[in-house]
1. Can you compute the charge dipole magnitude of segment 40-198 about its Cα centre, using +1 on each Lys and Arg Cβ and -1 on each Asp and Glu Cβ, nothing else charged? Give it in debye, rounded to the nearest 20.
2. Please list, in order along segment 154-159, the HN-Hα scalar couplings obtained from phi with the Karplus expression 6.51 cos²θ - 1.76 cosθ + 1.60 (θ = phi - 60°), rounded to whole Hz, x for Gly and Pro.
3. Using square roots of five times the C-alpha gyration tensor eigenvalues, list the equivalent-ellipsoid semi-axes of segment 216-501 in whole Å, biggest first.
4. Using the C-alpha gyration tensor of segment 399-465, what are the square roots of 5 times its eigenvalues, in whole angstrom, with the largest one first?
5. Might you report the magnitude of the Cβ-based charge dipole of the chain about its Cα centre, with Lys and Arg at +1 and Asp and Glu at -1, to the nearest 20 debye?
6. ³J(HN,Hα) across segment 494-503 via Karplus (A = 6.51, B = -1.76, C = 1.60, θ = phi - 60°), whole Hz, x for Gly/Pro?
7. Treating each Cα of segment 40-198 as an identical point scatterer and ignoring solvent, apply the Debye formula and state log10 I(q)/I(0) at q = 0.15, 0.16, 0.19 Å⁻¹.
8. Assuming a viscosity of 1.567 mPa s and a temperature of 4 °C, what translational diffusion coefficient in µm² per second does Stokes-Einstein assign to segment 75-155, Rh being the Kirkwood radius over Cα pairs?
Amino acid sequence: MKNNKTLYRALLLAGFILINAGILFGISQVIAYLNTGADRSKMLHLDLKQERFYIPDVTWESEVNPGRPMEEANRKKIEQDYLDAWHIKNTSFFTGKDAGITDHFTKNAREKIVELLAQNMEDQTYIQATTLSHHITLEFYSADGTIAVLTDRNVAGIERMFKNDKFLFERYFKEDYKIILLLEDGFWKIRHFEKTAIHKDPQKLVTVSPDQKLLEGINYYPQMSPWDTFGENFDVSILSNDFKIIKDLNLNSIRVFVGYDDFGKAIVSEEKLNKLELLLNEADKAKLKVIVTLFDFYGDYRLQDYTLTNRHMKTIVNHIKNHPAILAWDLKNEPNLDFDSRGEREVLSWLEQSISYLKHLDQVHPVTIGWSSPEAAMYLVDKVDVISYHYYQDLKDLSSAHKKLTSATNKPVVLQEFGMSSYYGMWNLLGNDEEDQAAYYKRFFETQKRDSINYLSWTLFDFGEIPSRVAGKLPWRKNKQAFFGLIDIDGEKDDAYLVIKNR
């Protein structure tokens, strides 16, 4: 019996020690985690495949070689390994780590990179950078296929400098490089990497203004597929009928939305592109002009995303930019609402780069941004061609807000969204009804006619179901969003419809 008691005591003591050891270990892990700074390599999602988040534009300006001809397969291999080297180098200067350097640089080139990394570590600095476009010329390709010399001109990109984790500056660059690559261990590795020229003056782009005819339009979603215009319910006959209704309102334009994820991100869906073109065809038949809002529901803005968003934009813009229905490009809907979560500098930097690239793709149609308020519309006013803002405040202040914008710039100003919900019920007992909505539009047109305001109202239809990503899950928010339309869910035209038609 005595031996049993001793055994029990030993087991209890051992269990007590193990439990406390586990608790202490857990606490130590939590403390270690809380005292560890953010790992910049995690921020870059380096566990993902490179081609998913770094795809700059590449143009081979010349592949003519007096010696051995360049095989297509080898050209692709050289291009991919060369771009990988850029990506790995930029990543190393951001994270301070040399992971992947061995696979893409020869010994001598690696030593220079390691020296620079050590210097940056000592100075507590790091560089965040990406390239956006390359223009490559093949200067030499050895007979044995193991040496390639390239000239890469007008390498365009963006670079940000940080010191002690504080942002110092951001610069756009356009530079020329001479590159020597050696084939080693199955990789084309950089042996020599020399900057040969810096272009200080960026390319001059054409700035255009829209047709000075007064813009009178409406924001458009099909009634049965709000925020999903190009989804499974896409139907050309519905578009045709809806556009006839809009023409019946004596309007001349619509604004539609292209979702970044919905269209396939960097690899744009051919099916979605075809649907977008069909929508433009129906708009053209109805003699309606179309403002295409790009990057709907995009909200990342990371520098590492730039080549992805550029590829997305290039595919869409090049596909439809010559369509006669296109009126303008709206780069992003209400990007200032992302300032708190993503950072004002990050958002504005992405917008500025995207505007520049969009104007490079299309120098005919004007570019605007759909800011959520008149105050926000002064951001990047010198970069866009049209100033656009949304207004859901009291109409008594609309005239002064609009005049403040028009007096601050000689560019066209557009009231891109405005309207009143006619929802009242259990979740909004003090809400407005259809009579209030009609009175709202009467007051609006008094101001609009006096101040010659370009406008697009929100929106044509009431909707039966509002996606949670639009208004959240709270019923009083979703229900309010569902009743901004001029035509109710049963197809009946509200009084506001007649106000707009007979304005």
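1. Dipole of segment 40-198, to the nearest 20 debye: 420 debye.
2. My calculation for segment 154-159 gives 6, 6, 9, x, 10, 9 Hz in order.
3. In descending order, the three semi-axes are 28, 22, 20 Å.
4. In descending order, the three semi-axes are 28, 13, 11 Å.
5. 1100
6. Values per residue, Gly and Pro as x: 6, 4, 4, 4, 5, 4, 5, 5, 9, 4 Hz.
7. The Debye formula, applied to the Cα set alone, gives -0.83, -0.94, -1.31.
8. Values: Rh = 14.0 Å.
The Stokes-Einstein estimate is 93 µm²/s.
We did not get these values from a lab; they are worked out from the coordinates using the rules stated. Everything numeric here is computed off the predicted structure, so don't read it as measured data. So basically every Cβ, Gly included, is an ideal-geometry build from the backbone, and we count neighbours across all protein chains shown.
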